[in-house]
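The block underneath contains the structure these notes are about, expressed in C-alpha cells.
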Amino acid sequence: MMELIAALLLLLFLSVGFAGAALVDGMLPAFLAGQSRPSWRRPIADAARLLQTQRIRTEAPDALLWFLAPVLYLALAIIGLAVIPFGPGLVTIPSEVGIVVWGSCEALTIVAVFMFGWSANAPLPLIGAYRYVAIALPAMLLSMFVLIGAALPAESLGFTEIVEAQRRVWNVVRQPAGLILFLMLGLAISLRGPFDYADPADLAGGTTADVSGPMVLAWKIARLTMLVSVSAVTATAFLGGYLGPLLPGFVWLLLKTALILVVLVGAGNFFARMPPARMMSVIWTMLLPLSFLMLLAVGVELLLWG
Amino acid sequence: MEIVPWVFLIGILSVLCIRGVHGVRHSATAPQQLPFLGGGTPDTHAWQRYHIRYYSMTLLFIAFEMEMMFMYPWAVVFVEEGGMAMMEMGMFLAILSIGIVYAWREGVFRWQ
Amino acid sequence: MGLTDLLFLALSAVAILSGWRVFATDSMVRASFLLLLSFVAVGLIIVMLAAPYIGVATVFMMAVEMMVMALFMVMFMMNPAGLNPMMMVHQHRFSIVAGVLAFAGLTAAILFTSFPKIPVDPSTPVVHDLGIELLGPSMLIFETAGVTLLATMIGSVILSSRSGRFGMADQGSRPPGLEPDGEPAGRQPEAGNGHHHHH
Amino acid sequence: MAVSVLSNWAGEAPVAVFVAIGEGMRDRLERLFNDARFVRAASPRHAAIFLIAGRMRLEDREDLRRLHDQMPHPRVTLLWNAEVGEALGDAEVFTGSTLEVDIEASEAGRSDDAVRDRLEKLWQELASGERSSEPDLLHDEPPNSWEGIGPHGQGGQGMMGGTPYGRPMAMTSDDLRDGLALDLYTARFGPFLPMFPPGLLLEMTLQGDVIQSVKVVRPPLSQAGGNDVPAALLRLARLLDVLGLPVLGQRARLAAVGGATSVPLEKLSRAIHWAGATLAIPRGLGAVEGYGDTRTRFANLVSVANGFSPAMWPGLTRSAHLSSILPGLEWSEAMLVLNSFDDETLSTLAAIVEGADEDRDGHDHDSGHMHHDHGGPHDHDRHQGHGGRGSHLGNDYHGRHGGHA
C-alpha cells in the first residue's frame, strides 16, 4: 500500500519537478543574460514545434540504438528517483542498496549518452560521445566516494537510512566539499555547462547535431528529468531529504530539490568548460584525492565523536 | 495486475497519436541524410576505428572501480568495526592513491 | 506459477537471447551493449535471489565495463560498426565442442551441488554480513585482492601507454617477424620520432 | 484537431534560424539574435528557417544547397542581401541596406527590425500551414549507388571494401601523436559551421578528435569588424560561446549594442575572470610568433572590451598558417584557436597556399579516399606506415584499392 502511494507521489514529483525544471531551464539563463523576460509558454510552444518537425535520419545510422538512447536515459532518471524516499517508509522501490542502484543509473547514463552520439554515424556527434565518456567515467568515481561518505554515518546503503541518520546533523555539514563534488556529477550526467562534453557549442550541438524534431524533444525531456532526479538525490543525501518541520516530508523534499535545481542551472552558466584532456586530468589528480580526504575526514569524525 | 493491459493499451494509443501527427511527413531523402559538417562533405563513413585518446585511463578506471566495489559493504560496518575499519580504509585509499600517482607520473591522464 | 516465477523466466530469456545475439550482430557497439543487457538480466536475477548488493553491483560494474569494452572494440576491430556484414564466430568445430563441454560441465555443477533448501529470510542484513565477512574471516583475501588490483593498474598502464616518463615505450625495439628470425612485421618505430607532439 | 492545437502552440515558439553568414554581415547578424524571439540554431537540423545573409562566393552555392536540404520539414529560406543566383530556387528575398557603414545607425536598426518581422511572419505562415515546406534542391541520390550491389546488397565488399550504404569506409594510417595505426576521417568542415569563422572551409583529417592535417580550401569571407570596442566585444562573445559560457557571451553582445539592459563592462570582465575562462585555455595553445598564445589573445580581448587600446602586434611571419597551427590539436582546442584571431590576422593565416592544390584535380570526393596527399609535414610518416604493413590488414587495404581503380 505504502508503495502504491509512493508511486503516485513519484508521478506527482516527476510532473511538478519536470515542469519546474523546464521553466527554470528556459528562463534563468535568459534572465542571467539580461534578455527581455521570456514567457512561461515558450517551453511548451517549443515542444509543439519540435513535435511537428520531421525526424531526420543520417546515412546508415544505428536506428535502434538511436531510438533507445533517449528512452534509456529517461528510464534511468525515473529509476534513480524511485529509490528516493518521500517520507518515512514512503519509497516506490524500497532498496537497502539505494546508493548502489543510483550508481548503476549513473553508469548506464554514460552508456545512453554514448549510444546517442554513436548511432548517428556522423563526426560531430561521435566526437561528443567519446569525449563525454572520458569525463563521465572519472566523475562517476567522485560520486561513489561522496555517497559512501554519506553512507558511513547511516551504517546502511539505503536512502531512507541515510535520511534518518541526518536527523542530528545534515551531511552537508559533515562533508561540504562532498556536496560540491556531487553537484559536479549532477552537471555531468544532466549534460550541463562546464561538464557538458556531449552537446557543447564547439561541436555545433555534439550528439544532437544530427537529430531533429521529436528526437531533440525526447532528448531534452530526458535531460531535464535527469536534472530533477540528480537534484532530488543531492537533496536526499546532503540536505536531509524529507526531514523538516511543519510541512509534510514530500513538500520539504520538493523545496530542497528546487533549490538544488536552481543552483545547478545557475552554476551551469557561470563556469567555463576546460578542454576534455585537462578536465580529465583535473578530476583524477585533484578532485579524486579531495574526495579521499573528505571520506577520511568523515571517518575520523565518526570514530571520535560518532 | 489488471493494470498491465491498460498500460499496453495506453502505450499503443499514444504511439498511434504520435504516428498520426507525423503521418504527413516524408522520410529523409538522400541529401537530407548527409551528416552535418557546415555544408562540406565527408570522404567516408564517420564510423571508424576511432582513436580514443584516453584508452589507458579506462584501464586504470576499471581496476579502480573494482577496488571500490569492496568499499560499499565496508561502509555499512564502519561504525561497528571502528578502528579496524579505519585501518582498512587507510590501506585502501593508500593503494588507490599509489595507483593514481603512478598513472599520473606515466602521463595516463593526458590525451595520448 | 507466481509473478516471481514469471519474472525469473522472463529475465532468463532476456539473458540467454541477448547473449546469443552478441554473436549474431555485426556491430561491435551493439555486441557490447547486448552483452551488457545479458548481464543486467543476470544481475536482476541475483537481486531476486535475495543478494541485492551483489546483483546491483553486477549491473553497475558491467555497465562501465561493457562501455569500456565497446570503446576498445571500436578502436581495434576492423569494420567496427558492421557496415559490411561479417561472421563474428570463428573456428566453428572447436567452438561447438568447447560450448557443449562448458554447457555439460556447468549443468553437472548445478545438478550435483547441494543448494540450501530453506529460503533466505528477507530481513537478513546481507550487506552488513558481507561487510563483516570482508573485515573478519576473509580479511586476507580482501587485502590480497586490493594489492592484486594495484598490480593490475600498474600492469595495464605499463602495457598500454606508449609515452611514459622515460620516453617512448617502443624506443629501440624491433617488431617480431612472422616466422622465427624473419623480417620484422608491422610498423617500424622510426628513430628519434621527429615531430612527436608533446602535450 | 490535435494537429491544429499543436500548430497554434508551435506558432508561439521562438523562431529557430540557421544562418549562413556572407561578406560583411556577421556582426550585424549577431545583433539580430539579441532578441529573445529568435534562437540561432547550432545545426540546420534544429532550425525551421534558413537565413542566408550577405554576398556569397560562387563556390559556396553548392554548400548552401546542401545545408538547405539538411533541414527537416517544414522549412523555408530567406535571402537577406544575398546574391546566390538561382541556387536556392525561388526562396524569399529581403533586400535592405548592404553595409552598415554606408548608412545611418538608426536606419540599420530599422532594417534589422524589418528582417526580424519578416522572419517572424515566415515562421507564422510555416507553422500554420499557410506556406508549404520547401522541397529538396539536390537530387535524391546517394553519393554512390549501393542498393543491391555486393554479396549482401548493401554496396560493400569483404570487410572494408566497396561503398556500403553509399560511402566508402575510413582507411588506416599512423597517428601523429602516438603512432597507433587506426582510421583516418577526412572531411571538409565549413564553410558555414557555427563555430567556424563564416566562409572558412577546411579540409581536415582527424584521428579520434585530434587533427592530423589541415588544408584551407576556401578562406573566410571578409567581415567589416574593426578593432573598436563593439567589435572586440563581439569577438569575445564568440570565444565565450566556445568556452561554454553562452550567458556571458550574450551579455557581451548586449554590451556591444549598448542598450539599456547591458551590464557594466567591469562586471562582465569580473564574471569572465571568476568563470575560470583563462584556466580553461591551456597555456601555449595556438602560439603564433609575435601574436602570443590563445590565452594572451583572450586576455587582450578582455582588456580591449574594457576600453584599453589594443596591443600592437608585429606583422605575421610568412610561415604562420592554419595548416601548421592546427594539426596536433584536439578539436576543442582548435576551436578556441580559430576564434581567438581577429579577422585580418585570420584571413592571412587562412590564405590559400599556392602549390598545395595539385592533388585536387581528378580527385573524386565521393568515391574512395585513400592516399590523400596533403603536402603536410606528416606524409613521410604515413607512407612509411603503409609500406611496412605486410599483415592481413595490408591485404585488405590493397584489395579495396583494386576494387576502386
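Assorted remarks:
- Spatial offset of the stretch B:49-112 relative to the stretch A:85-124 amounts to 22 Å, using the alpha carbon center of each.
- Computed from backbone phi, the HN-Hα couplings of the stretch A:14-21 come to 4, 5, 4, x, 5, 4, x, 4 Hz, rounded to whole numbers (Karplus: 6.51 cos²θ - 1.76 cosθ + 1.60, θ = phi - 60°; Gly and Pro given as x).
- Neighbourhood net charge (11 Å Cβ-Cβ; Lys/Arg +1, Asp/Glu -1) for D:GLY244: -2
- Residues with amide H under 5 Å from that of D:THR186, placed H, sequence gap 5 or more: B:ASP43, B:THR44, D:LEU206
- GNM top mover of A:ALA122, A:ALA21, A:ALA139 - chain A, alpha-carbon springs below 10 Å: A:ALA122
- Test item: Cα-centred dipole of the stretch D:2-128, Lys/Arg +1 and Asp/Glu -1 on Cβ, debye: 440
- DSSP-defined beta bridges in the protein assembly as shown - what % are antiparallel, rounded to 5: 60
- For the peptide A:148-155, the mean number of other protein chain Cβ atoms found within 10 angstrom of a residue's Cβ is 5.
- On the beta carbon distance between C:VAL97 and C:ALA10, with R0 = 25 Å, the FRET formula returns roughly 0.20.
- 12 Å beta-carbon shell around D:ALA47, net charge (K/R +1, D/E -1): +4
- Per-peptide average of other Cβ atoms within 10 Å, ordering B:34-40, D:301-307 highest first: B:34-40, D:301-307
- For the stretch D:66-88 versus the stretch D:103-179, the spacing of their alpha-carbon centroids is 12 Å.
- Sequence ranges D:7-15, A:204-212, ranked by mean other-Cβ count within 10 angstrom, highest first: A:204-212, D:7-15
- Across chain C, the longest run free of exposed loop sites, meaning trypsin sites (Lys or Arg not before Pro) lying outside DSSP classes H, G, I, E and B with no more than 12 other Cβ atoms within 10 Å, spans C:1-116.
- Under-5 Å amide H pairs with D:GLY162, H placed in peptide plane, nonlocal only: D:GLN157
- Given their separation in residues at 0.36 nm each and the Cα-Cα distance between them, C:ILE110 and C:MET48 gain 20.5 nm when the chain is fully extended.
- Inter-part distance, the stretch A:210-257 to the stretch C:61-130, computed on C-alpha centroids, equals 35 Å.
- By average C-beta atoms within 10 angstrom, highest first, the peptides C:47-53, C:95-101: C:47-53, C:95-101
- Label-reachable residues, the stretch D:288-308, where backbone N falls under 15 Å from a point 7 Å from D:GLU266's Cα toward its Cβ: D:306-308
- Look at the stretch D:164-176: the mean tally of other chain Cβ atoms within 10 Å of its residues' Cβ atoms is 6.
- In this calculation the C-beta distance from A:MET1 to A:LEU304 is compared with R0 = 41 Å, giving a FRET efficiency of 0.45.
- Each of A:THR109, C:THR148 was scored by other Cβ atoms within 10 Å of its Cβ. Listed from fewest to most, they are C:THR148, A:THR109.
- Estimated from helices alone, the mean residue ellipticity of the protein assembly as shown at 222 nm is -17500 deg cm²/dmol (sum of -39500 (n - 2.57) over DSSP H runs with n ≥ 4, per residue).
- The lysines whose alpha-carbon is closer than 30 Å to the alpha-carbon of D:LYS121, local same-chain residues fewer than 8 away aside, are A:LYS220.
- Residues D:THR348, B:THR44, D:THR172, A:THR58, sorted so that the one with the fewest Cβ neighbours within 10 Å comes first: D:THR348, B:THR44, D:THR172, A:THR58
- Across the stretch C:6-14, rounded Karplus estimates of 3J(HN,Hα) from the backbone phi angles (6.51 cos²θ - 1.76 cosθ + 1.60, θ = phi - 60°) give 4, 4, 4, 5, 4, 5, 4, 4, 4 Hz, Gly and Pro being marked x.
- Karplus-derived 3J(HN,Hα), 6.51/-1.76/1.60, for each residue of the stretch C:32-42, Hz, glycine and proline x: 4, 6, 5, 4, 4, 4, 4, 5, 4, 4, 4
- Annotation: amide H-H contacts under 5 Å for D:SER43 (H modelled 1.01 Å from N, sequence separation of 5 or more, or interchain): none.
Since every read-out is calculated from the coordinates, none of them should be taken as a lab result. Every value quoted in this text rests on a predicted model; they were computed, and no experiment measured them. Neighbour counts run over all protein chains shown; Cβ positions are idealised from the backbone, glycine included.
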